[in-house]
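Working notes, beginning with the structure itself.
The values are calculated or read from the model by the stated rules, or taken from the named source; none is laboratory data. Computed from a predicted structure; not experimentally measured. Methodologically, a virtual Cβ is constructed for each residue, glycine included, from the backbone with ideal geometry; neighbour enumeration extends over all protein chains shown. Remember, those area values only see protein heavy atoms, side chains included, never the ligands or the DNA or RNA. Shrake-Rupley method; radii C 1.70, N 1.55, O 1.52, S 1.80 Å.
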Amino acid sequence: MPSELDRRMAATMAAITAPAGMLPLGTAPSRFGIDLPVITAAPPSLAHYIAHYCAEHADATFLVAGEERLTFAQVHAHARRVAHGLAARGIGRGDRVGIAMRNSPAWIATYMGVLIAGGVATLLNGWWQADEMTAALREVRCALIVADGPRVARLGVVDGPPLIELDDTLPLDRAIAPLAGPAADGAGALPGTMPGTLPELGPDDWATILFTSGSTGQSKGAISTHGAVLQAVLNYLAQALVMVGLATADGQPPTGQPSTLLTVPLFHVTAEVPVFLQSFAMGRKLVLMPKWEAEAAMRLIEAERISYFVGVPLMSFEILTHPRRGDYDLSSVSDFAAGGAPRPAEHVKRLHDEMGGPAPLIGYGLTETNAVGTGNWRTNYLAKPTSAGPPSAPLADLAIIADGRALPLGARGEVGIRSAANFAGYWDRPEATAAAFTADGYFLTGDIGYLDEDGYLFIVDRKKDIIIRGGENISCQEVEAALYEHPGVREAAVFALPDERLGEVPGAVVLADGTDEAGLRAFLQQHLAAFKVPQRIWLAAAPLPRLGTEKIDKLALREDYRSVWAGEIASRVTPSS
């Protein structure tokens, strides 16, 4: 039976999406031959969306990065300079521009400028090493790369497109100078360039490419149109408006400018869509953290009066359990939201009981769905703490699928998500794109789950060979492939190990000659981002067990070595007698 909160949220959403509401709902045909619900108030493109809300909130603070504070109008003006600079270099509609930088105002202005110029913002994982960068750039064939100093050091060995280095430690106007065209007063023009003509964009133009680690180990570029990303943003906005409406009805309307910490990398869909892009419509202040650290986050929450916190589950748990939490005023926060991985049920209860007011919530979505999927809110989350929640209204539709058909409530199968926010496909991979969707348009997530009688999603397993470490997806096959590059490795198996802080970490069992665990780890650090390197590598004394198909029996290895891992953990915390 729907909860009281479910009923109130549904009624408020119906009013918001009614024909006379703030975000009226209609339908539009899809490539799957069916009409899908869409928010008809969506502007033609992200460029229009950005321009409209930067004008509406022109003088409000948009970005806080250390001592630098920038308004919406200032950031938009710098982004248009970037767009003109790109156009002067010949970047136009459909050209991929790689962005490889840490979170910074320069990253944000570059992203905005690429979209305004008609380019495709191609978000490169800032933690990748040279091999991973090379593979991604080979995949999508960028016309230009924009990178900060540390990423340039890695990309220097890459034979690829032109590379522009930005010093994102400088104030924004100086940081973007190597890339930007002239300012409104004509100052700051690139030598020998004139402002380029900016295109008129529409919902079917390509907007973004984000990379996703599939079970094959090869990062695939997931491309989305302006229309799909906007529908995702507005779907999140509709949910935010519902919660504002409920708070107002309860006599507790929000006051002051909404604000949030930017704690996760902008190349992740969670940071890109519900955090960064949604902030334009909300007039929300983004406070950038160069590196996660729980006490630094609490200091910023107090100083900037942060109203909404979102990150991977580990982040809110580290705040909850920090010994100096009582030294900081965190009362401005209304919600501690999380995504990227599940929270243990006990953590949900403790956040509610011990934080003094802020409510826990969690969302589930994927790169390919532009983060749209499900959401579990407040008292509903407390009642069902192991659930990812019901489909995210008003656009998301969920089905549990087996053999191409939807299963009844309670049956287990692969989770499928259908909405107008779904991506267009994997760049230059038509077969992978076709395999990712059912005939009627559900994206197949690779997660195994079921829906209860209230339509709440419970994820129980993973179809793909993926490890989720603190919200970061790691392909087991990719790590195995890197291990096999070592000349001494004969056999290797990589799998998830449970971890109290991060949820999961990679572990490996390796049959190898002439090396040890330290040597293998040092080798992998040269080829993989640090978060992909196994936390523990066991050296096998005999060939790894195999199935009847002659494949390595990873399930048996995983169970055996998880037991070994549990014993090793216990021995660290329990002194021997």
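Can we say Val38 is open to solvent by less than 30 Å² (accessible area, probe 1.4 Å) and under 26 Å from Met289 (Cα atoms)?
Working: open to solvent by less than 30 Å² (accessible area, probe 1.4 Å): yes; under 26 Å from Met289 (Cα atoms): no.
When the stated conditions are applied, Val38 does not pass them.
Are any of the residues in segment 298-316 open to solvent by 20 Å² or more (accessible area, probe 1.4 Å) and among the acidic types (Asp, Glu)? Scanning segment 298-316 turns up at least one residue that is open to solvent by 20 Å² or more (accessible area, probe 1.4 Å) and among the acidic types (Asp, Glu). Looking at this structure, is Arg96 modelled with pLDDT of 95 or more, open to solvent by 10 Å² or more (accessible area, probe 1.4 Å), under 23 Å from Leu262 (Cα atoms) and in contact with a helix residue (DSSP H, G or I) (Cβ under 9 Å, 6 or more places away or on another chain)? For Arg96, the condition - modelled with pLDDT of 95 or more, open to solvent by 10 Å² or more (accessible area, probe 1.4 Å), under 23 Å from Leu262 (Cα atoms) and in contact with a helix residue (DSSP H, G or I) (Cβ under 9 Å, 6 or more places away or on another chain) - is not met.
How about segment 82-111: which of its residues are in a helix (DSSP H, G or I) and either within 24 Å of Ser219 (Cα to Cα) or of a type in the set (Gly, Ala, Ser) (or both)?
Taking segment 82-111 as the starting set, the residues that turn out to be in a helix (DSSP H, G or I) are 82-88, 105-111.
Hits for segment 82-111 are Ala83, Gly85, Ala87, Ala88, Ala106, Trp107, Ile108, Ala109, Thr110, Tyr111.
If I filter segment 269-314 down to residues being within 16 Å of the chain's Cα centre (by Cα) and among the hydroxyl-bearing types (Ser, Thr, Tyr), which single residue comes out as nearest to Leu502 (Cα to Cα)? Per the criteria, the residue is Thr270. Residues considered: Asn380, Asn370. Of these, the only one that is open to solvent by less than 30 Å² (accessible area, probe 1.4 Å) and closer than 28 Å to Ala424 by Cβ is Asn370.
Screening the candidates Leu502, Leu520, Leu511, Leu524 for the property of being over 12 Å from His486 (Cβ atoms) and surrounded by 12 or more Cβ atoms within 10 Å (Cβ to Cβ) yields one hit, Leu502. None of Asp403, Asp440, Asp447, Asp461 is of a type in the set (Asp, Glu), under 30 Å from Arg536 (Cβ atoms) and open to solvent by 60 Å² or more (accessible area, probe 1.4 Å) except Asp461. Evaluating Leu483 against the criteria (1) at pLDDT below 95; (2) open to solvent by 50 Å² or more (accessible area, probe 1.4 Å) leaves one unmet condition, (2).
Against the numbered list (1) in contact with a helix residue (DSSP H, G or I) (Cβ under 9 Å, 6 or more places away or on another chain); (2) without any contact (Cβ under 8 Å) to a residue 60 or more places away in the chain; (3) among the hydroxyl-bearing types (Ser, Thr, Tyr), Thr40 comes up short only at (1).
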